[in-house]
Structures are given as structure tokens and as C-alpha cells.
Amino acid sequence: MHEIIICEKPKASEKISAALPGLTVKKNYKRVPYYEVEENGKKTTVLAAVGHLYSLASANQRKNKIFDLEWVPLYEKDKTKKYTKNYVDAIKKLSKGADKFVHACDYDIEGTLIGYNALKYACGSDSLENTVRMKFSTLTNEDILNAYENPIPLDLNQVDSGIARHVLDFIFGVNISKYLTDAVMKATKRYIQLSAGRVQTPTLSILVDREKEISKFVPEPYWLIKAYIELDIIADHKKGKIFNRQDAEEILAECRDKSAVVKKINLKKTHKIPQVPFDLGSLQSEAYSLFRFNPKKTQQIAQNLYSEGYTSYPRTSSQKLPKSIGYDKILNNLSQSTAFRKQISKLKKPLKPHEGKKTDEAHPSIHPTGVLPKKLGSDYQKLYELIAFRFISVFGEDAIVEVMKTILNIGKQEFNFTRKRTVKLGWQEQYPFRSVENDDFPPIKEGDHLKAEVKDEEKETKPPARYNQASLIRELEKRGLGTKSTRANIISILYDRKYVEGQKIEVNVLGEQLIDTLKKYSQKITSEELTREFETELDGIMKGNTNKDKIIDEAKVEITSILDDIEKNKIEIGKELYKAYRKGMIVGECKCGKNLILIGSPRGEPFVGCSGYPECKSTYSLPRGASILKTKCEKCSLPMISFGKPRQRACLDPKCGQEGLEPSNEVVGECPDCGSDLIIRKGRYGEFIGCKSFPKCRFTKSIEEKS
């Protein structure tokens with residue numbers, strides 16, 4: 001018997017093969033590692049994908065609206081993914097003649113679709129008739145073996161939901177982006193690459209709405225009245241913000257030269273319950289707050305910790321810890337580390353976690369497996385300890401905080417202050433990432449008279465705060481936009497498309513104008529309601545309440561309506577977007593005095609050109625992956641750029657500072673192309689070896705090859 005196991009990534013195939021009973025041998029096919037496990041005459045071949053091996057593509061590019069789609073190998077569509085061909089070839093070759101297939105990719109919609117497509121298109125659609133599913137939440141030997149010995153049927157509703165999501169994202173994004181780009185081309189004869197998406201555009205709209213709130217905000221002055229009292233007491237007037245200057249002055253006059261009389265002291269103890277276990281959103285939020293990790297980075301690190309077997313599956317919305325994960329065993333294993341031993345020793349039995357309300361049918365909340373990492377990089381160590389300490393702390397006792405609320409009278413005016421001190425650390429002892437309240441309680445009693453000086457502070461109301469990446473993730477979750485797995489990537493795309501910038505997310509002119517134009521001519525594109533409705537229907541496919549074809553047909557109707565709106569207003573939309581693009585893409589001043597703008601190219605990398613074209617033909621190419629900085633070159637005042645790995649800085653003009661410089665006369669060899677001398681030259685990337693006959697001969701090589 002020959003059994004094939006398909007895993008999502010090579011690390012998972014290594015872990016799964018190691019957990020199976022029998023003799024395991026590691027082999028390679030076209031430099032792709034795979035594993036053969038032999039036991040009692042049964043051969044099991046463990047193969048890996050590298051994420052998605054297949055992607056949607058248009059089956060008919062000539063049509064105006066792109067609705068006819070097909071799944072194609074990723075390497076055919078994306079030339080940067082050529083390496084995936086070897087993985088596809090390995091699965092095709094090694095699965096021939098197999099009797100049984102096991103889908104062992106991550107148990108979520110994306111993982112299910114990755115494995116399903118690998119089975120259908122690489123192993124052949126017949127393989128699906130003999131396929132079972134492994135479901136696990138950690139890559140520990142115990143969980144893997146349990147999932148292998150107790151497989152479940154392949155959930156075709158989950159498959160269909162994944163297919164529908166990909167189709168919707170593709171036909172929304174490709175069609176609307178294409179129509180917007182065409183609108184600019186038709187109106188201005190200029191090419192700019194514009195991007196819109198089913199979830200991406202409503203997300204940008206949220207940010208634009210906040211930007212408008214900030215820009216329209218008019219600050220209003222107000223006054224705070226504070227009493228500075230002996231024993232280091234600062235008390236606030238009970239009215240809080242006072243918006244009338246005369247009222248503030250009357251309070252000050254009433255309190256002048258009067259002592260503070262302690263009217264009432266209220267002492268009480270409150271319980272501070274433990275925090276709930278991490279789901280992906282709360283982990284991303286906490287990691288941003290503590291370490292300034294952006295959500296995408298947190299998700300990537302968490303995924304890699306899972307792949308190594310140190311933590312459970314991260315893409316979960318659960319705040320539950322079922323007893324089946326084995327609390328005692330995990331805590332016992334963690335206590336072998338001095339980092340956690342002290343905190344675990346103070347937990348009281350019976351162990352019972354404090355859980356949240358959110359559930360996830362596929363996975364429990366994020367938790368350590370008990371497998372201790374041998375060595376981790378700094379950022380990985382931070383996130384691992386955060387997950388481990390949070391897990392330990394949910395078994396802790398309530399913290400107890402003593403609260404002192406005091407009311408004082410100064411003349412006829414009432415002031416108050418509050419002090420808090422922790423009398424029992426409880427779970428806070430197991431979670432060392434947050435400060436513990438520990439105020440001093442002043443030695444006062446009711447009726448005491450205390451020296452006081454009352455002052456006012458003039459302030460202004462502040463506009464709403466800009467979102468950061470973590471708070472935007474929370475906002476998207478609250479509004480039901482995107483999924484736990486996709487939200488971080490959606491935000492990353494907005495940065496990549498240059499619609500937003502900064503840690504406190506600021507929308508630029510292009511991003512704001514894009515949303516304004518879309519709302520003006522077709523509000524459906526930015527509609528949260530439409531996006532949310534489709535999210536609900538996609539969930540309905542998972543539950544068997546509807547089917548994918550119905551949802552896709554509905555999406556085509558909505559997209560057609562949107563595209564018709566764009567078509568009717570194509571010239572106006574194109575002009576407005578191009579105008580915004582010119583404003584938003586200004587990167588500096590040209591030597592002729594006009595603006596330098598970033599220009600997209602339909603056939604290559606973007607470049608920088610003068611807005612005065614064709615009168616001024618100044619252009620500057622950009623190295624792949626370059627970023628244009630706000631700093632200017634000291635020699636020529638053009639913008640500086642950042643490029644390469646590791647990142648280097650250079651002037652936008654590669655010839656800057658080299659006028660009048662003669663090439664080195666040092667001859668270091670003979671040009672293999674034309675026979676002329678090879679000499680040392682200087683360029684944007686530093687020194688290199690080049691042919692003396694340049695530009696007739698363009699042979700070059702790195703300076704390291706001088707010998």
C-alpha cells in the first residue's frame with residue numbers, strides 16, 4: 001500500500017514524518033525534500049507544498065469584464081514564484097499510483113484550499129475520492145499522531161468557502177483596478193497602476209473618514225481646575241473640563257486662600273480578574289503595544305513558532321482552552337525552564353483557565369505546547385514568552401486592588417482624588433508585561449484640614465487619534481471586515497500601494513482622492529455593508545446554508561453594476577484620479593524648477609520623471625524595491641533613496657557628485673567581450689569593474705572578482 005500525505009510547508013512535513021511510526025528516510029527530488037516512512041509493508045510518502053501552489057487567472061483576457069477564471073500553477077502566473085514548479089513536479093511524480101491520500105495542511109480555509117488544489121491538480125482529481133483529513137492544532141508528536149490515527153472526512157463546504165473567497169477577491173480586485181487604470185489612460189493618456197479590493201477599499205475608506213474628521217476638527221479651549229494639597233495630593237475639580245472661562249475664574253476665586261477639608265473617604269477592595277487567552281487579534285494588539293511589532297510581523301513570527309512546534313496554531317479567533325490540550329502536561333514541561341518555573345509554582349489547583357467569550361470551531365486559543373525552544377532570536381523570544389506567560393496567567397487567581405476614593409471641599413467647591421494599591425498580585429505575578437498599581441495612600445481622615453493651592457490649566461480639545469495598525473485590526477474585526485488571517489495583509493497592501501504611511505496611519509492625497517472619487521461615482525465600491533454581507537454569506541457556505549456558485553453569481557451582478565458606474569463616468573474619474581496621483585506622487589523638485597513625480601510603467605519598474613515633460617525630459621531609474629526618502633542630497637538637493645539588502649542610501653541621480661571624475665587608470669584585466677582593458681569604475685552601488693570601451697561595451701562585474 002502506498003499512502004501520500006500532503007503538508008502545507010516543508011517544516012510541517014518534517015515534523016509529521018518524524019511523528020509517524022516506522023523507519024523514516026529523507027530524500028530529495030529536484031532539490032525538494034520529502035520523506036518516506038516504511039512500516040509493515042506500508043509506504044507513506046510525506047510531501048510538502050510551499051503555501052499556495054495554484055492561483056486563479058483569467059481564462060479569457062480579451063473580455064472587458066474578467067469573470068471566466070481557472071486555476072493555474074502559481075509559477076505560470078507569477079514569475080517570481082518559479083521555485084514552486086519543483087514542488088508541483090515532486091507531488092505529481094511521487095504521488096503516481098498511490099492508494100490513499102491524506103490532507104495534512106493547516107486546518108483553516110486557506111490551508112484546506114492549498115491541500116485541496118495540490119490534490120486535485122497535481123495528484124489528479126481521482127485522488128480526492130480516497131482522501132482523508134488530519135486535523136491538529138499543534139505540531140507536537142502527540143497531536144500529529146492522534147490526528148493521523150483519527151482522520152476526518154475532507155470538509156467540502158470549507159473547500160467551497162475558500163474557493164468562493166478567492167474568486168470574489170479576484171474578480172472584485174482585478175476588474176475594478178483594471179477599470180480605474182483604464183479610466184486614467186483614456187482621460188490623460190497616462191498609465192498609473194491603481195488598486196482596489198473587496199476589503200482593501202472599505203478599509204481605506206475607514207482611514208479616509210478618520211483623516212477627514214481630523215482635518216475638520218476645530219480645537220476648543222477648556223480649563224482643568226486642580227488643587228495641589230500637602231502630602232503630595234493632587235485633586236481634580238468635580239466638573240472636569242470647564243469650557244467657560246468665567247466659570248473657571250469663579251471657582252478659582254471661591255477657593256483662594258482656603259484649606260481643603262476631607263469630606264469623605266471611601267475604601268474598598270476590588271477584584272481584577274485574569275486576562276483571557278490570546279486569539280490572533282489580541283496577540284497582534286498586545287505585541288504592538290509592548291514591542292511595536294506590526295500585525296503582519298506578529299502573525300509571521302507566531303506562524304513560525306507553530307511550525308517549529310513551540311506554540312499552537314495562531315490563526316484562531318478562539319478565547320477558549322479546552323481541557324483536552326492537557327494543562328498539567330504543558331505547565332509541567334514549561335516549568336523545566338527557569339524563565340517560567342517560579343510563576344507556575346504559585347498556581348493553585350485545581351487548574352481552571354479564565355476564558356473569553358469568542359470561540360472557533362477549528363482551533364483553541366493560542367498557547368504554548370510545552371516544547372521548550374533551544375535558541376530563538378530576540379523578536380521570536382519576546383513573542384514566545386508573551387504567549388507562554390499569558391497562558392500561565394489565565395490559571396492565576398484574581399488580583400485584589402484596594403481603592404481609596406476621597407472627596408474634599410475647598411470653600412463650597414468639591415474636589416476628589418483616587419489612589420489604588422495592589423494588595424494581592426494574583427495573576428499579575430504570572431504576567432510580567434504590565435505595571436502593577438501601587439500608589440501611596442496619604443495618612444488622612446475625614447474632617448482633616450489640609451493646606452491647598454488651587455490652580456487652573458488651559459488646554460484644547462484634541463482631534464480623534466489616527467489608527468495604528470493594531471487599532472485598525474481591532475476596528476476591522478469590530479466591523480466584520482476581512483478575516484483573522486487576512487486583516488494584517490490588507491493593511492500591508494495599503495502601505496505597499498502608497499495610499500498610507502507612518503506608524504500612526506496617515507492617508508496621502510492619492511488614497512484620499514481615490515476614496516472620494518469612488519464614493520462620488522459608485523458608493524458600492526467602498527461599501528462596508530456589501531463587504532460584510534459577502535463575509536456572512538461566505539460563512540454560510542461553511543455551514544452548508546448556501547453554495548459557492550450562488551454567492552459568485554451575486555458578486556458578478558454587484559461588480560457589473562460598479563463597473564457600469566465607472567464606465568459612465570470614465571473621463572471624469574480618470575481626470576480626478578490623475579490629478580490626485582500627480583499631487584500624491586510628488587517626490588521632490590527637478591533641477592528645472594518643476595515637480596519630480598513617481599511614474600508607474602505598465603511594462604517595468606516605476607521611475608521618477610519631471611512633471612514638465614516634454615519640455616524637461618529628466619528621468620531617474622529606481623533600483624528594484626527602492627524607497628524614496630524625505631531627506632535630500634547635500635550635493636544636488638534631489639531626494640535620497642534607500643535600496644538593496646542590506647539597505648543602502650544614495651542620491652536619486654546615480655551620476656551625482658561624479659561630474660569631472662575620471663575613471664581609474666588601474667587596468668585589472670581584459671574584457672572577455674571586446675578585448676579592451678577592464679578598469680575600476682564608480683556608480684550608484686559603489687565601485688565595480690567595467691570595460692574601458694563603455695558605452696559601446698557594457699561588460700561589468702563586481703569588485704570582489706578583481707583577482
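Throughout, read-outs are computed from the coordinates displayed, never taken from laboratory work. None of the values given here were measured: they were computed from a predicted structure. Note: ideal-geometry Cβ built from the backbone for every residue, glycine included; neighbour counts use all protein chains shown.
Determine the equivalent ellipsoid of the chain by diagonalising the alpha-carbon gyration tensor, then write out the semi-axes as square roots of 5 times the eigenvalues, largest first, rounded to whole Å. Square roots of five times the eigenvalues give 50, 41, 29 Å. Entry note, the chain: relative contact order of 13 percent, from Cα contacts under 8 Å with a spacing of 6+ residues. In this simple spin-label approximation, THR700 and ASP440 carry label points 7 Å from Cα along the Cα→Cβ vector, and these lie 6.7 nm apart. For a straight C-alpha distance cut-off of 12 angstrom, the aspartates and glutamates reachable from LYS635 (same-chain residues fewer than eight places away being disregarded) are ASP653, GLU659. Can you compute the FRET efficiency between LYS520 and LYS216 using 1/(1 + (r/R0)^6), with r the Cβ-Cβ distance and R0 = 25 Å? Round to the nearest 0.05. Computed FRET efficiency for LYS520 and LYS216: 0.85.
Look at the alpha carbon pairs under 8 Å that are at least 6 residues apart: their mean separation over the length of the stretch 585-651 gives a relative contact order of 21 percent. By the compact-protein rule of thumb, 2.2 N^0.38 Å, the alpha-carbon radius of gyration of the stretch 585-651 corresponds to a ratio of 1.09.
Taking square-rooted eigenvalues a ≥ b ≥ c of the alpha carbon gyration tensor, is the stretch 2-154 rounded, prolate or oblate, where a/c under 1.5 means rounded and, failing that, a/b exceeding b/c means prolate? It comes out prolate by the Cα gyration axes. Compared with the alpha-carbon gap, the fully stretched path from THR418 to ASP539 is longer by 38.8 nm at 0.36 nm per residue. Placing pseudo-labels 7 Å out from each Cα toward the beta carbon at LYS655 and LYS594 gives an inter-label distance of 1.9 nm.
Sequence-ordered 3J(HN,Hα) estimates for the stretch 388-403 from the Karplus curve with 6.51, -1.76 and 1.60 and θ = phi - 60° stand at 5, 5, 5, 4, 4, 5, 5, 8, x, 7, 4, 7, 10, 10, 8, 10 Hz, glycine and proline given as x. Taking all C-alpha pairs of the stretch 503-605, those more than 16 Å from each other amount to 71 percent.
For the pair LYS478 and VAL25 in one chain, pulling the backbone fully straight at 0.36 nm per residue adds 158.2 nm over the alpha carbon distance. Here the scattering of the stretch 10-80 is modelled by Debye summation over its C-alpha atoms, one equal scatterer each and no solvent; at q = 0.11, 0.12, 0.16 Å⁻¹ the log10 of I(q)/I(0) is -0.46, -0.51, -0.68.
Multiply the residue gap between GLU76 and CYS636 by 0.36 nm, knock off their C-alpha separation, and tell me the result in nm, one decimal place. Can you show the working numbers first?
Numbers: separation 560, 0.36 × 560 = 201.60 nm, distance 4.37 nm.
Full extension of this stretch gives 197.2 nm more.
For LYS42 and LEU145, the FRET efficiency from 1/(1 + (r/R0)^6), where r spans their Cβ atoms and R0 equals 22 Å, is about 0.90.
With the convex hull drawn over the C-alpha atoms of the stretch 434-563, the volume per residue is 252 Å³.
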